[in-house]
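Heads up: the structure comes next, in structure tokens.
Bear in mind these aren't lab numbers, they're just calculated from the coordinates by the rules spelled out. All values reported here derive from a predicted model rather than from experimental measurement. Note that we place each Cβ from the backbone using ideal geometry, even for glycine, and neighbour counts take in every protein chain shown.
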Amino acid sequence: MTTATDLRTRKFNRFFDLLDTDSNGYIEPEDWARTAQKFSAGFGHAEGSAQAKALHRAYQQVHHNIVSAMDTDGDGRVSREEFHAGLHRHVADLGLLDKTFRPALDAEFDTADINGDGVLQGEEIDLIWKVWGMSEKDAKTAMEQMDRDGDGRISRDEYYATWREYLASEDPDAPGSWLLGHP
Ligand SMILES: [Ca+2]
Ligand SMILES: [Ca+2]
Ligand SMILES: [Ca+2]
């Protein structure tokens with residue numbers, strides 16, 4: 001029997017694995033830099049372009065935020081244990097969750113919105129799943145859940161709300177709980 005706590009632990013672990021790009025057990029500035037580079041390149045933004053720099057800056061800000069909020073042993077990086085303890089505090093206080101992570105999600109959204117019209121559609125959406133390395137099946141489920149109003153496009157609020165729910169919800173059937181693949 002799977003408990004809600006197990007679900008959250010698995011989701012937090014998956015999120016940590018995604019952020020710890022070199023799998024050394026710590027989230028460090030270099031991890032964010034690699035993710036920023038991958039994400040920008042995936043959407044065709046050249047290295048050094050304004051968009052690539054903005055995403056890099058936003059990720060470094062979020063690293064600073066998580067170190068301030070979670071780095072209990074003060075070594076300037078966030079271990080898996082620190083991340084779990086910190087995230088539990090964040091999902092219990094959604095205002096704190098927004099303050100710490102929203103800059104990263106907004107910058108990602110801007111990076112993915114290639115034509116700059118304020119919504120994600122068509123190729124922009126296809127590229128998101130591709131950049132995150134999702135299977136076709138998971139991508140299809142993700143889209144069904146993320147596109148709350150079913151208009152085939154993803155708004156900034158839909159993008160953020162889904163991500164937030166992924167971390168905060170303890171319901172395996174909630175939209176958002178399957179983000180990054182089936183939980
Ligand atoms: Ca790392
Ligand atoms: Ca630490
Ligand atoms: Ca767009």
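Here are the numbers for the structure shown:
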read-out: Region 1-80 pair-distance distribution - Cα-Cα, 10 Å bins, rounded %; value: 18, 40, 30, 10, 2
read-out: Debye, to nearest 20: dipole size of region 4-168, +1 on Lys, Arg Cβ, -1 on Asp, Glu Cβ; value: 200 debye
read-out: Proxy reagent accessibility, fewest Cβ within 10 Å first, across Ile125, Ile27; value: Ile125, Ile27
read-out: Nearest-20 debye value, region 1-79 charge dipole, Cβ charges on Lys, Arg, Asp, Glu; value: 400 debye
read-out: Debye intensity ratio in log₁₀ form over the Cα atoms of the chain, taken at each q of 0.13, 0.14, 0.15 Å⁻¹; value: -0.66, -0.77, -0.89
read-out: Among Ser155, Trp129, Tyr59 the positive-end extreme of the charge dipole of the chain (Cβ point charges); value: Tyr59
read-out: Spatially close lysines, pair count over the chain: Cα under 19 Å, gap of eight or more or interchain; value: 4
